[in-house]
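Here the structure comes first, spelled out in structure tokens, and everything after it is commentary.
Nothing in this text is a laboratory measurement; each read-out follows from the coordinates by a stated rule. Owing to the predicted nature of the structure, the values given are computational and were not obtained by experimental measurement. Cβ: placed from backbone, ideal geometry, glycine included. Neighbour counts: every protein chain shown.
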Amino acid sequence: MSNPRSFRSPALQVLDATVPATSVLSGRVLLHEESRFIPHQRGAVDNERGGVVMTGNTADDRALRLRTEAAFTGAMLIDSAPYKTYTATAEQPFLLPSDELFPSVDLSLGFQKARGASAAITPTGYIAPGDSKALKAVIREASLIERADTVVSLPIDVTWLRDDRVDQLIAACARISQPKALVMIAQFDPLKQSKELPGNLRRVVSEVENMMLLRTDLAGLEAMVHGALCAGIGISSTVRHSVAPGEKPAVNKPGPNYPSVLMPELMRFSGAEALSNRYANADAPPCYCAVCDGRGIDRFLGTDRDTRIEAGDHNVLTWSAWVEEMASTTPGLQRKTWWRDKCAAAIDNYALENQRLGLSTKKGFQPPLPLCAWATLPVS
Ligand SMILES: [Zn+2]
């Protein structure tokens with residue numbers, strides 16, 4: 001289903017509960033991050049087509065400061081990420097504030113708006129593999145919400161996108177009248193867990209109206225191309241997916257946490273250390289975004305603040321240019337074909353780049369499974 005709206009309404013600073021979330025979020029690709037730059041907004045964010053999902057432990061306070069101290073007027077959501085610590089149950093799918101005498105979801109939603117959010121997100125807990133009762137409880141509680149400004153968060157274990165579960169997930173989403181924000185929960189890249197997942201995620205966003213995909217990577221663009229209302233791309237790997245409550249994010253390799261860098265030609269995120277090693281004896285591909293200005297993408301090997309900011313800005317500017325390209329296509333077949341061709345061209349670049357570096361297919365860069373799927377799944 002393609003986005004019906006072609007214009008963007010201004011994301012006013014103060015919007016009451018009657019302003020629909022759909023009108024504020026439609027067509028936007030937001031940056032999901034724990035903003036470290038308050039009281040300034042990251043300059044790389046395109047407020048025309050984007051905005052911010054503020055997350056982390058003190059997301060609400062920082063959101064308020066962004067509104068008040070930085071006078072930020074762009075679109076903003078507050079994701080306090082209850083799914084990191086709380087598992088949804090049949091009785092209580094939402095994590096309600098513990099410091100209130102009469103906690104209610106309405107209070108939680110109103111609190112986000114009072115902190116400057118453009119729309120409110122339900123405080124849904126992690127929906128464990130196959131826990132149909134918890135999913136049904138979300139549908140039940142969502143039906144009781146009378147506000148127009150609400151997005152129903154669905155932090156699903158990624159196994160919900162497997163062949164044996166996805167129909168149930170689609171049916172559940174269709175029963176929720178509000179916009180629905182999927183957050184995929186898994187260790188490492190959720191969509192790499194099994195090969196049917198990218199196609200099934202495409203089914204969810206195209207078959208159900210007003211789906212969103214938050215805390216993700218380039219899957220956010222794939223979702224938008226195939227009809228999602230809105231997406232949120234994480235600034236770092238920890239904000240590009242989440243793990244189940246009680247789990248710790250596994251890492252491929254212990255050591256310093258260097259930035260991950262979006263490679264424009266290959267449409268992949270790579271760790272700065274891997275890039276630095278890979279291009280130790282060869283020129284790294286240059287980038288022509290506003291911060292790189294023709295410099296190589298192997299220069300982000302640092303854990304200091306400035307390097308992180310620069311790497312993050314490079315990433316945001318790179319995918320924001322793709323959002324701009326996407327917006328210039330007509331929703332539907334033309335847009336889907338543009339995306340498929342773009343992903344296919346990136347796949348072709350892997351062989352080219354590996355050959356330039358004198359690396360075999362096995363030792364060189366390998367295209368991520370989701371990118372291969374986006375390049376080959378049929379468009380219709
Ligand atoms: Zn760049």
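Ratio of Rg to Rh for segment 131-253, alpha carbon only, Kirkwood? Don't skip to the answer; put the middle values down first.
Values: Rg = 13.9 Å, Rh = 14.6 Å.
Using Cα coordinates only, the ratio equals 0.95.
For the chain, give the share of DSSP beta bridges that are antiparallel, in percent and rounded to the nearest 5; count only bridges with both residues there. Intermediate results must be reported in sequence, preceding the final value.
Working: 6 of 35 bridges.
Taking every DSSP beta bridge within the chain, about 15 percent pair in antiparallel fashion.
Per residue, how big is the convex hull around the C-alpha atoms of segment 260-376? Give it to me in cubic angstrom, could you?
Working: hull volume 12.1 nm³, N = 117.
Each residue corresponds to 103 Å³ of Cα convex hull volume.
State, to one decimal in nm, how far the label point of ASP348 lies from the label point of GLU100, with both points 7 Å from Cα in the Cβ direction.
5.5 nm
Between GLN187 and LEU107, what is 0.36 nm times their sequence separation minus the Cα-Cα distance? Round to one decimal in nm. Display every interim value, and only then the final one.
Numbers: separation 80, 0.36 × 80 = 28.80 nm, distance 3.21 nm.
Value of the extension gain: 25.6 nm.
Sum -39500 (n - 2.57) across every DSSP H segment of at least 4 residues in the chain, then divide by the residue count to get the 222 nm mean residue ellipticity, nearest 500. Could you put the intermediate results ahead of the total?
Working: 11 runs with 126 residues, N = 380.
That calculation yields -10000 deg cm²/dmol at 222 nm.
Give a residue-ordered list of calculated ³J(HN,Hα) values for segment 184-190 (Karplus: 6.51 cos²θ - 1.76 cosθ + 1.60, θ = phi - 60°; whole Hz; x for Gly, Pro).
Karplus-based 3J(HN,Hα) across segment 184-190 equals 8, 10, 5, 6, 6, 5, x Hz.
In the calculated pair distance distribution of segment 21-239, what percentage of Cα-Cα distances lie above 22 Å? Provide the component values of the computation, followed by the final result.
Working: 10815 of 23871 pairs.
Summing the P(r) of segment 21-239 above 22 Å gives 45 percent of all pairs.
Amide H to amide H under 5 Å from PHE269: which residues, 5+ apart in sequence or cross-chain, H placed 1.01 Å off N in plane?
MET263
What distance in nm separates the simple spin-label points at SER194 and SER177, each placed 7 Å from Cα in the Cβ direction?
Result: 3.5 nm between the two label points.
Amide H of GLY232 versus every other amide H placed in the peptide plane: which residues, excluding those fewer than 5 positions away on the same chain, fall under 5 Å?
Long-range HN contacts for GLY232: LEU30, LEU213, LEU214, ARG215, THR216.
How much space per residue, in cubic angstrom, does the convex hull of the C-alpha atoms of the chain take up?
Details: hull volume 50.5 nm³, N = 380.
Taking the convex hull of the Cα positions in the chain, it is 133 Å³ per residue.
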